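Have a look at the structure below before the remarks.
Laboratory data are not the source of any read-out in this text; all were calculated from the coordinates shown. Keep in mind it's a predicted model, so treat the numbers as computed, not measured. Neighbour counts run over all protein chains shown; Cβ positions are idealised from the backbone, glycine included.
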Amino acid sequence: MAIELAAGARRCAGIDEVGRGPLAGPVVAAAVILPEREIAGLGDSKTLTARRRAVLDELIRESAVAWALGRAEVEEIDRLNILQATFLAMRRAVEALRLAPDYAWVDGKHCPVLPCPVEAVIGGDALVPAIGAASIIAKQARDAEMVALAERYPGYGFERHKGYGTRDHLDALQCLGPSPIHRRSFRPVRDWSPAV
């Protein structure tokens with residue numbers, strides 16, 4: 001499937017997020033405007049080895065016409081819901097770009113409201129290089145943050161599972177209760193959260 005450039009568009013941003021499914025931590029989005037020359041190896045960050053992702057992350061940051069990260073914090077996720085918080089993170093990423101895009105592609109089937117036309121592309125991280133690039137830098141940024149948060153909140157194993165609901169994480173949650181970075185609107189976190 002070929003993704004066509006919108007008529008008249010010159011600066012197209014690819015947008016993707018990481019962290020919709022975890023029980024803890026922020027949702028992080030990236031927006032990337034790629035140069036005309038191709039960056040080999042771009043694609044869905046989940047299919048790449050950690051080593052390859054790190055190499056591509058550095059290459060994207062050095063080569064991109066513009067790139068930026070946006071995020072929504074745990075409190076925003078709990079207040080807005082994960083979809084709206086994801087859209088907020090995506091808008092923040094686009095608004096943080098040093099050059100405003102005139103068109104955007106977003107991975108998935110839903111579009112955030114942006115200051116430019118936007119098109120949803122299902123499986124876009126594998127189909128649109130700019131979305132693949134956004135997927136990679138968003139994942140690298142969020143993973144690094146979760147490793148740092150593991151030191152601040154020891155015992156949960158954030159450095160391993162990055163906040164996803166693995167068996168080890170659920171066992172730690174049951175023993176320790178939720179940390180300040182757990183999403184209290186998500187089950188099973190809310191089952192172990194004290195009533196307010």
Given charges at Cβ of Lys, Arg, Asp, Glu: the stretch 92-196 dipole, positive-most of LEU149, ILE137, PRO115: LEU149
Cα-based helix-to-principal-axis angle, 167-176 vs the chain, degrees rounded to 10: 50 degrees
Rounded to the nearest 20 debye, dipole of the chain from Cβ charges on Lys, Arg, Asp, Glu: 240 debye
GLU95 versus THR166: modelled label distance in nm, points set 7 Å from Cα along the beta carbon direction: 3.5 nm
Sequence-separation-based contact order of the chain, relative, with Cα cut under 8 Å and 6+ spacing, percent: 29 percent
Net dipole in debye of the stretch 83-196 [+1 Lys, Arg Cβ; -1 Asp, Glu Cβ; about Cα centre; nearest 20]: 280 debye
Theoretical gain in end-to-end length, ARG52 to ILE122 [0.36 nm per residue, Cα-Cα removed]: 22.8 nm
Dipole magnitude of the stretch 64-122 about its Cα centre (Cβ charges: Lys, Arg +1; Asp, Glu -1), debye to nearest 20: 80 debye
Rounded tilt (10° steps) of 50-63 against the dominant C-alpha axis of the chain: 40 degrees
Estimated Rh, the chain: Kirkwood, alpha-carbon pairs, angstrom: 17.1 Å
Fraction of antiparallel bridges per DSSP, the stretch 1-145 only, in percent to nearest 5: 60 percent
Listed peptides 163-170, 109-116 by packing density, highest first (mean Cβ within 10 Å): 163-170, 109-116
Folded to 0 to 90 degrees: helix 82-96 orientation relative to the chain principal axis, Cα: 50 degrees
